[in-house]
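Colleague: Handing you this structure, nothing more for now.
Read-outs: derived from the displayed coordinates by stated rules, not from any lab. Bear in mind that the values here come from a model prediction, so they are computed numbers and not experimental data. Here the Cβ positions follow ideal geometry from the backbone for every residue, glycine too, while neighbour counts run over all protein chains shown.
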Amino acid sequence: MAATLYLIQHFHDLRLHEGRNIGVAVVDEASKVHLRLGGISPTGEYDRGWLRRFNLSTSYYASWSTYLQDAANSGTWDDVLAFQAEKPTNIIARNVGISLRDTDDWSGFADRYFLDMVDSQSHETDSFTDKVRRFLGKSQISVKEKVKLEGKWDAAGEVALLEFPFGIETRRGIDVLAAVPLKNNSVYSFKAAVDAVQRIDRTATFVALTSYNEDEVDSERVNRLLMPLEAGSNPVNIDSADAVENLHDILTH
């Protein structure tokens with residue numbers, strides 16, 4: 001199966017030709033557009049801090065995001081492409097090629113593509129954390145939120161208090177469960193925090209709750225990002241069919 005991939009980019013100054021990724025669109029074989037835009041919460045609120053990073057006003061971005069969402073939902077995506085071909089605009093949908101995948105879950109692919117290509121912002125992390133929270137509920141695992149452990153960022157450094165999203169008290173101490181989107185900054189930030197704690201205490205068990213499509217398991221990107229997670233923690237793909245069983249196995253051994 002094939003889909004056409006687009007990066008939604010913002011050009012603060014058209015003369016510089018330096019676009020920044022603010023969203024993605026995946027157009028599947030049925031011409032359905034799976035659009036993901038940054039800076040908008042699941043409830044439709046605009047993240048003003050994120051907009052400032054991209055030199056975007058709320059009113060300007062609101063009009064563009066509404067236009068793109070309406071086009072994606074109404075089957076008029078080609079009108080967006082035709083409009084931007086006629087005159088330069090500060091926000092464009094750039095065709096970056098075709099993706100061939102053995103999947104029909106293009107919505108899930110769009111979620112992961114967005115996490116890979118668009119700069120992190122608070123609502124992304126919150127959204128993935130909410131997804132992990134729902135998974136933990138389904139797993140019937142009772143957790144504490146915002147657990148804190150001592151750690152050292154380097155061997156000679158001072159002791160710091162590090163916060164993790166979830167934790168479980170066990171006889172051996174605290175088992176840490178973290179929501180870690182499979183993206184460079186999230187993976188390596190989590191790995192650095194794990195290393196910091198393990199400089200003081202190596203008894204805690206760390207579980208990285210992440211997400212990726214099973215047909216990507218042998219891809220270079222997934223393997224590259226799983227390696228640092230596997231070095232200091234136990235990754236669990238919450239989208240896999242046996243995720244709940246895998247998590248229970250880790251926590252009971």
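Colleague: Using label points projected 7 Å from each Cα along Cα→Cβ, tell me how many nm separate D218 and D130, to one decimal.
Modeller: Result: 3.6 nm between the two label points.
Colleague: Quick check on packing: order 90-103, 54-67 by the mean number of other C-beta atoms within 10 Å, highest mean leading. Mind dumping the intermediate values first?
Modeller: Numbers: 90-103: 13.9, 54-67: 15.4.
So the order, starting with the most tightly packed, is 54-67, 90-103.
Colleague: Find, among the GluC sites (Glu not before Pro) in segment 127-162, those assigned to loop by DSSP (not H, G, I, E, B) with at most 12 other beta-carbon atoms within 10 angstrom. Numbers along the way, then the final one.
Modeller: Working: sites: E145, E150, E158; in loops: E158.
Those satisfying the criteria are E158.
Colleague: Rank G108, L136, A192 by how far each Cα sits towards the positive end of the charge dipole of the chain (+1 on Lys, Arg Cβ; -1 on Asp, Glu Cβ) and give me just the farthest.
Modeller: A192
Colleague: Run lengths n ≥ 4 of DSSP H only: what is the helix-derived mean residue ellipticity at 222 nm for the chain, with -39500 (n - 2.57) per run over all residues, to the nearest 500? It would help to have the intermediate numbers written out before the result.
Modeller: On the way: 8 runs with 99 residues, N = 253.
The per-residue figure over the chain is -12000 deg cm²/dmol.
Colleague: Then there's this: Measure up K144/K191; K146/K183; K32/K138 against 24 Å on the Cα-Cα distance and list the ones that go over. Don't skip to the end; give the middle numbers.
Modeller: Working: K144/K191 21 Å; K146/K183 21 Å; K32/K138 30 Å.
Violating the 24 Å Cα-Cα cut-off are K32/K138.
Colleague: Restricting attention to segment 176-251, which GluC sites (Glu not before Pro) occupy a DSSP loop and are surrounded by at most 14 other Cβ atoms within 10 Å?
Modeller: Working: sites: E214, E216, E220, E230, E245; in loops: none.
For GluC sites (Glu not before Pro) across segment 176-251 that sit outside H, G, I, E and B with at most 14 neighbouring Cβ atoms in 10 Å, the list is empty.
Colleague: Could you check the simple spin-label distance between S99 and S41, using points 7 Å along Cα→Cβ, in nm with one decimal?
Modeller: 2.8
Colleague: If you don't mind, there's one more thing I want to ask. Please report H34, H248 as a ranked list, fewest other C-beta atoms within 10 angstrom at the top and most at the bottom. Provide the component values of the computation, followed by the final result.
Modeller: Working: H34 20, H248 13.
The most exposed by this proxy come first: H248, H34.
Colleague: What relative contact order, as a whole-number percentage, does the chain give when Cα pairs under 8 Å and 6 or more residues apart are counted?
Modeller: Working: 385 pairs, mean separation 39.8, N = 253.
Computed value for the chain: 16 percent relative contact order.
Colleague: Could I ask something else about it? What does the highest-first list of 135-141, 42-48 look like by mean Cβ count within 10 Å?
Modeller: On the way: 135-141: 15.1, 42-48: 11.7.
In decreasing order of mean packing, 135-141, 42-48 become 135-141, 42-48.
Colleague: Given contacts defined as C-alpha pairs under 8 Å and at least six residues apart, what's the relative contact order of segment 153-249, whole-number percent?
Modeller: Numbers: 122 pairs, mean separation 25.3, N = 97.
Once divided by the residue count of segment 153-249, the mean separation gives 26 percent.
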